[in-house]
Amino acid sequence: MSKTILIATDKPFAKEAVDLMKAIVEKTPGFEIKLLEKYTEQSQLVEAAKEADAMIIRSDKATKEVIDAGDRLKVIVRAGAGYDNIDLEAATAKGVVAMNTPGQNSNAVAELAIGMMIYMARGKFNGKSGTELKGKTLGIHAYGNVGKYVAAIAKGFGMDIYAFDPFLKDEDISKDGVKVVHSAEELYSKCQYISLHIPANEKTKNSIHKGLLMSMPKGAVLVNTARKEVVCEEGLKIVLEEREDFRYLSDIAPGCAAELEEKFSDRVLFTPKKMGAQTAEANINAGIAAVEQIIAYFGNGDITFKVNN
Ligand code: 3PG
């Protein structure tokens, strides 16, 4: 019996990406693809998981219920970077391998971060005089795949770039012409623009707090293309109240979005759905990588991109 790869995406991949994923599977004997797109209820995902040997998801929630429903399920690939949407413990307990596809959508996210900076610097294109990115300080909080692309693009704009990443050696950052700092406090107090690229986990949730944001120089702009949960919303509200110069851009609205949009409409911007990886290129890269990783896993046990224990 052939193995079913379920592509379960509430926010679908571009059609070209799905076609290319299907084409790979069609020429690989022993596999077939099923598609569940734009589903509206989590129960549909649970139901679909029952028939899957492998699943490819984006920000879709691979909860314990979903994982436990998959009697034949052996592998879940998050086509993207962050895997905070997979219940890793449930996966491990059931012997399901969880993987991501690091780097495949990073350029798309970096371009969005820079695009958001320009949009805000130009007053959301309101016709009034704005500012430029050239010569401004940019702090990259976590220098991973996306952070590196942000730095490379920002260099072209003539920004003065700093980065903080406790998991890297100084030379891993400085070789790119980026200045290294050794604490979040130092990064935020130095940089007018901060681009966030930390994952969401128990340590990082709410870690971007009022103190850090208040320490940013005049004209502060926080750009969040990581996860909304890492920014402390109570602190953020106070900072927006107390600092008329402070602006916040987030790729996906925080819980208090309606209140912030009403009070500070000129100084906040939220995407309705996560847009960072919403490009044909990112979908193609991440989608193909996901299919290939699944085929390699069943073919020769390849677990290069495994993220659970
Ligand atoms: C990621 O973690 O890869 C990004 O946040 C993209 O998420 P998405 O695939 O849901 O757009």
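The values are calculated or read from the model by the stated rules, or taken from the named source; none is laboratory data. All of these numbers come straight from a predicted model, not from anything done at the bench. For neighbour counting, all protein chains shown are included, and Cβ atoms are generated from backbone atoms with ideal geometry for every residue, glycine included. Remember, those area values only see protein heavy atoms, side chains included, never the ligands or the DNA or RNA. Shrake-Rupley method; radii C 1.70, N 1.55, O 1.52, S 1.80 Å.
Peptides 108-114, 19-25, 52-58, 240-246 ordered by packing proxy, namely the average of other Cβ atoms within 10 Å per residue, highest first: 52-58, 108-114, 19-25, 240-246. Protein-only accessible surface at a 1.4 angstrom probe places the residues TYR39, TYR248, TYR119 in the order TYR119, TYR39, TYR248, largest first. Considering the options ILE67, ALA142, PHE31, tell which one lies farthest towards the positive end of the dipole of the chain, charges being +1 on Lys and Arg and -1 on Asp and Glu at the Cβ, about the Cα centre. Checked the options; the winner is ALA142.
Over the chain, DSSP H runs of length four or greater, each weighted -39,500 (n - 2.57), average out per residue to a 222 nm ellipticity of -11000 deg cm²/dmol.
The heavy atoms of GLU89 present about 150 square angstrom of accessible area, all protein chains included, probe 1.4 Å. For the chain, the relative contact order is 18 percent, taking Cα pairs closer than 8 Å that sit 6 or more residues apart in sequence and dividing their mean separation by the residue count.
The fraction of accessible area contributed by carbon and sulfur in the chain is 52 percent, rounded to a whole number (1.4 Å probe; ligands and nucleic acids excluded). Each other residue within a Cβ distance under 10 Å of ALA90 adds +1 if Lys or Arg and -1 if Asp or Glu, for a net charge of -2. In the structure shown, do any of LYS218/LYS263; LYS175/LYS274; LYS94/LYS228; LYS124/LYS228; LYS179/LYS274; LYS169/LYS203 have a Cα-Cα gap over 27 Å, and if so which? Where the Cα-Cα span goes over 27 Å, the pairs concerned are LYS175/LYS274; LYS94/LYS228; LYS179/LYS274. Helices meeting the span-like rule in the chain (full DSSP H runs, Cα extent of at least 15 Å along the helix axis, mean Kyte-Doolittle score of -0.5 or higher): 15-26, 106-121, 145-156, 280-300. Here the peptides 251-259, 126-134 are ranked by packing, the mean other Cβ count within 10 Å, and the order with the highest first is 251-259, 126-134.
Note: relative contact order over the stretch 106-270, using C-alpha pairs below 8 Å and six or more positions apart, is 19 percent. Computed over protein heavy atoms with a 1.4 Å probe, the accessible surface of the chain works out to 46 Å² per residue. The charge dipole of the stretch 47-156, taken about its Cα centre with unit charges on the Cβ atoms of Lys, Arg (+1), Asp and Glu (-1) only, comes to about 780 debye.
If you sort THR137, THR40 by accessible surface, 1.4 Å probe, largest first, the order is THR40, THR137. Ranked by the mean number of other Cβ atoms within 10 Å per residue, highest first, peptides 43-49, 190-196 order as 190-196, 43-49.
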